[in-house]
Amino acid sequence: MTLEKLEDYFLSINEKKYKARQLFDWIYVKKIDNFDNITNIKKEVIEKLKSDFYFDKLEIVKKEVDVDVKKYLLKLHDDRTIEAVLMEHDYGNSLCISSEVGCNMNCSFCESGKIKKQRNVESGEMVSEIMAIEKDTGVRISHVVIMGIGEPFDNYDNIVDFIAIVNNPFGINLGSRHITVSTCGIVPKIYEFSDIPYQVNLAISLHAPTDNLRSKLMPINKVYNIESLIESIKYYLSKTNRRVTFEYIMLDKVNDNPSDAMELAKLLKGLNCYVNLIPYNETSGIEYKRSSKTRILEFYDTLKKNNINVTIRREFGSKISAACGQLKSSKEKV
C-alpha cells in the first residue's frame, strides 16, 4: 500500500493516521517481516493488522552470478516466477525488476515474448523484489529500472503505486531520478505518465528507426506507430523537461546498417534524448545474432557525427542467462 492508502486505512479503523508512518518505518527501515515485532503500536491494532494484511515474501529459486551482476529467479505466492537482475556500478547498485509474469508484447528478439502474460505483478510484489535482494546481498539498492519481464505500462496502476511507495521518504526513499520505467511504446500511457507528480526517468524501447522495420520486430508498432510515439515523447518532454532514453538493441544485419543509423539520427534530431546502444544477448530459439563490435562502433560514430547523444551499454552477465526472460525460460523449459 502507498502511505496515503495506509493512512486512510488507519483512519477507517478509528486510529491516528500517523501510525501509517510508524508502520512504514518498521517495514522499510527496520525491515521487519512479522507484525509481532512492532513495539510502538498497541496490541489490538497489531491484531487488526494481522487479520487484514500479510507479508508477501518472495522465494529465491535460483541465482546466477557473474562479474558485477547477480540474476535472480523469484517465486511468487502462487508459485509463478519472475526475474530480477542486480548490477553493480561505480555510482551504486541498480536493480532491474519485473512488472508482469510473462509479456504480451511479443517482441521478436525477446525471450520474455515467448512467455505469454499470466498476470500482473502487484505493486507490493515489485517492492518485495527489492526487499528480497537487499536481504540476500546485504547491500542497499540505490537505483531501480523497471525493464525486466513484462511491459510496465500494461500494468500501469501497479507501477504508479510502486513508484509512490519506493519514492516515499518514510519508506525505501529512492530518489525519483533513480527510478527508470521502460516501455515499448503504449502511447496513451506515455501521455498519462507525463502528468504524474514524480520526476521519474522514461526509457523507450525503440530498436528500429522506421515503421516497416519496427513493425517486424515489435508488433506494438502496428497499433502505435513511430510518428504517434514521437508525438507522445514530445508531450512528455514539454511536461517534464526530463531527457528521454531510447533503447536500441543491435541486431546483426537487421537494424544496424549505416542507413538505419542515418534514419535514426533524422528521427531524433532536436529531441532532448540520448540513445543507448545495447549489444544483443543471443538466446536459444531466436534467430537474431549480435552485431559485430565494428558495426556497433560505426553506428555509434554516425549518430555522434549527427549530434545525437549516444552511449554503448556496458555489458553484464555474458556468462549467465542475462537476456530478459532467459532464466525463467530455461527453468520452465519454454
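The values are calculated or read from the model by the stated rules, or taken from the named source; none is laboratory data. All figures in this text were calculated on a predicted structure; none of them were measured in a lab. Using ideal geometry, Cβ is built from the backbone for each residue, glycine included, and neighbour counts are taken over all protein chains shown.
Can you name the residue in region 21-51 that is in contact with a Leu (Cβ under 9 Å, 6 or more places away or on another chain) and either in the same structural domain as Asp161 (by TED's automatic domain parsing) or free of Cβ contacts under 8 Å to residues at least 40 places away in the same chain (or both) and, of all such residues, is surrounded by the most Cβ atoms within 10 Å (Cβ to Cβ)?
Looking at the filtered set, the residue picked out is Leu23.
Could you give every pair whose Cβ atoms fall below 6 Å, whose first residue belongs to region 286-297 and is in contact (Cβ under 8 Å) with a residue 60 or more places away in the chain, and whose second residue is surrounded by 13 or more Cβ atoms within 10 Å (Cβ to Cβ), counting only separations of at least 6 or pairs across chains?
Matching pairs, first to second residue: Tyr288/Phe109; Tyr288/Leu251.
Failed condition for Phe109, given (1) closer than 20 Å to Val69 by Cα; (2) over 16 Å from the mean Cα position of the chain (by Cα), with all others met?
(1)
Restricting attention to region 93-104, does a residue exist that is surrounded by fewer than 22 Cβ atoms within 10 Å (Cβ to Cβ), among the charged types (D, E, K, R) and out of contact with any Ser or Thr (no Cβ under 8 Å at 6 or more places or on another chain)?
no
Select from region 292-331 the residues that are of a type in the set (A, V, I, L, M, F, W, C) and not in a loop (DSSP other than H, G, I, E, B) and write down the one among them that is modelled with the lowest pLDDT.
Leu327
Taking the condition assigned by TED's automatic domain parsing to the domain that holds Asn257 and at pLDDT below 95, does Pro197 pass?
Considered against the rule, which asks whether it is assigned by TED's automatic domain parsing to the domain that holds Asn257 and at pLDDT below 95, Pro197 comes out as yes.
I'd like the full set of residues that are of a type outside the set (S, T, N, Q) and closer than 17 Å to Thr180 by Cα, limited to region 240-255.
Within region 240-255, Arg242, Arg243, Val244, Phe246, Glu247, Tyr248 meet the criteria.
Can you name every residue in region 41-63 that is under 26 Å from Glu83 (Cβ atoms) and not hydrophobic (A, V, I, L, M, F, W, C)?
Scanning region 41-63 gives Tyr54, Asp56, Lys57, Glu59, Lys62, Lys63.
Write out, first by first residue and then by second, each pair whose Cβ atoms fall under 8 Å of each other, whose residues are 6+ apart or on separate chains, and whose first residue, in region 107-135, is within 30 Å of Arg290 (Cα to Cα) while the second is among the basic types (Lys, Arg) and assigned to a loop (DSSP other than H, G, I, E, B).
Listed by first residue and then by second, the contacts come to Gln118/Arg80.
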